[in-house]
1. Of 88, 62, 27, which has the most accessible area with a 1.4 Å probe, and how do the rest follow in descending order?
2. Ignoring ligands, DNA and RNA, what percent of the 1.4 Å accessible area of segment 43-89 is carbon and sulfur?
3. Would you mind working out the accessible area per residue for segment 65-104, using a 1.4 Å probe, and quoting it in Å²?
Amino acid sequence: NVFIDQDPKNLHYRNSLRFAMLLGEELIAIGRQPSDYHYFPEDDCRSCKPVVRDLGVWHQQLYVLRHARMPAVLVEVGNIADAADEALINSEQFREQFAQALNQAVKRYFSDTSVLKPSAVQGPERN
């Protein structure tokens, strides 16, 4: 899953969402399926809400996302509570596939002319 901060005050929300969706697409292309692990009420993730569930994009109120001064995502590569998933994410082959998926998402993000440039974002002055 990929997490973003969906707070309306977040100046980088649109670009964070765009990258999260691209990464979600790339992860699905390598065989990773979005997890509903964070969707269930008994989970301790009360701030988690699906944004684009089919791509595994979630909102979560995390300091690292709320206070980023640029587009930001947090990627949950796998779940070590699941033995099969833990074995997969520990494999060299999977780490290579994940790195390629991440690289491809970054390339797609920067080649997309619809991505807002920081200077085009209206809002409070940024340092």
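1. On the way: 88 70, 62 40, 27 20 Å².
Correct descending sequence by accessible area is 88, 62, 27.
2. Values: 1600 of 2950 Å².
Percent of accessible area from carbon and sulfur atoms in segment 43-89: 54.
3. Values: 2690 Å² over 40 residues.
Accessible surface, normalised per residue, equals 67 Å².
The values are calculated or read from the model by the stated rules, or taken from the named source; none is laboratory data. Fair warning: this is a prediction, and the values are worked out from it, not measured in the lab. Only protein heavy atoms, including side chains, enter the accessible area calculation; ligands, DNA and RNA are left aside. Shrake-Rupley method; radii C 1.70, N 1.55, O 1.52, S 1.80 Å.
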